[in-house]
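Student: The structure's right below; bear with me while I get my questions together.
No lab work stands behind these numbers, since they all come straight from the coordinates. Quick caveat: nothing in here was measured; it's all calculated off a predicted structure. No Cβ is skipped: glycine too gets one built from the backbone with ideal geometry, and neighbour counts run over all protein chains shown.
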Amino acid sequence: MKFLELEAAYLVIAVFIMIVTIYVTTRPFMAKSAFKIGVIGVFIILSIFIGLHYFITTNRMAEVSDRFTSGKPVICENKIQRKAEQSVIISKDLGWSLKDDIFTNPQYSRGFHSARCISLYTKEFPKPTE
């Protein structure tokens, strides 16, 4: 279910690309093998890209969740308010909580999905050295 939640938009785009590929490769001016090669090739490429995006996103979500639960700040994209602050700093000290990958705060009318957040490194909470 998490896969569909995170990748639904990309799956819709991939279906559109596949439809275009099928349409183009079935035209009379295309070689007979174009359909087979085109559909398989495009499907493999789209699958790799969507799989990589899911892997990277879930790893970032885990990093953000771990950082938040340890009391360190994260920063999330605010898609509602585009004119002033486009980012919101989230930490337990500011009254935020995390449940089912959604950050919530009584002062905000909506939550923020952890997939749209990244770790915030400050002087107080520097990036760990490996």
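Student: Using a Förster distance of 25 Å, how high is the FRET efficiency between residue 52 and residue 123, based on the Cβ-Cβ distance and rounded to 0.05?
Tutor: Computed FRET efficiency for residue 52 and residue 123 comes out at 0.15.
Student: Taking the Cα-to-Cβ direction at residue 59 and at residue 45 and moving 7 Å from each Cα, how far apart do the two end points lie in nm?
Tutor: 2.3 nm
Student: Another question, if that's okay. Work from the charge dipole of the chain (Cβ charges, +1 for Lys and Arg, -1 for Asp and Glu, about the Cα centre) and give the residue of 31, 44, 115 farthest towards its positive end.
Tutor: Checked the options; the winner is 31.
Student: Considering only DSSP states other than H, G, I, E and B, which GluC sites (Glu not before Pro) in region 40-125 qualify as loop sites with at most 15 other Cβ atoms within 10 Å?
Tutor: Sites meeting the loop and neighbour criteria: 85, 124.
Student: Select one label from [x] 1.08; [y] 1.17; [z] 0.96: the one whose number is Rg/Rh (Cα atoms, Kirkwood Rh) as derived from the coordinates shown.
Tutor: Looking at Rg/Rh (Cα atoms, Kirkwood Rh) for this model, the match is [y].
Student: While we're here: Skipping prolines and chain starts, which residues have an amide H placed within reach, meaning under 5 Å, of the one on residue 72, given they are 5 or more residues away or on another chain?
Tutor: Amide H neighbours of residue 72, under 5 Å, 5+ apart: none.
Student: Gap in Å between the Cα centre of region 1-35 and the Cα centre of region 47-74?
Tutor: Going from one Cα centre to the other spans 27 Å.
Student: Sticking with this one: Do the sum for the chain: with -39,500 (n - 2.57) for every DSSP H run of n ≥ 4, divided by all residues, what is the mean residue ellipticity at 222 nm, to the nearest 500 deg cm²/dmol?
Tutor: One gets -16500 deg cm²/dmol as the mean residue ellipticity at 222 nm.
Student: Return the FRET efficiency for the residue pair residue 69, residue 110: r is the Cβ-Cβ distance, R0 is 25 Å, and the value is rounded to the nearest 0.05.
Tutor: 0.70
Student: Using θ = phi - 60° and the Karplus relation 6.51 cos²θ - 1.76 cosθ + 1.60, list the HN-Hα couplings for region 89-104 in order, rounded to whole Hz, with x at every Gly or Pro.
Tutor: 8, 10, 7, 4, 4, 8, x, 8, 9, 10, 9, 6, 6, 10, 8, 10
Student: To continue, here is another question. Compute the acute angle (0 to 90°) between the alpha-carbon long axis of helix 34-69 and the principal axis of greatest extent of the alpha-carbon atoms of the chain; round to the nearest 10°.
Tutor: 10 degrees
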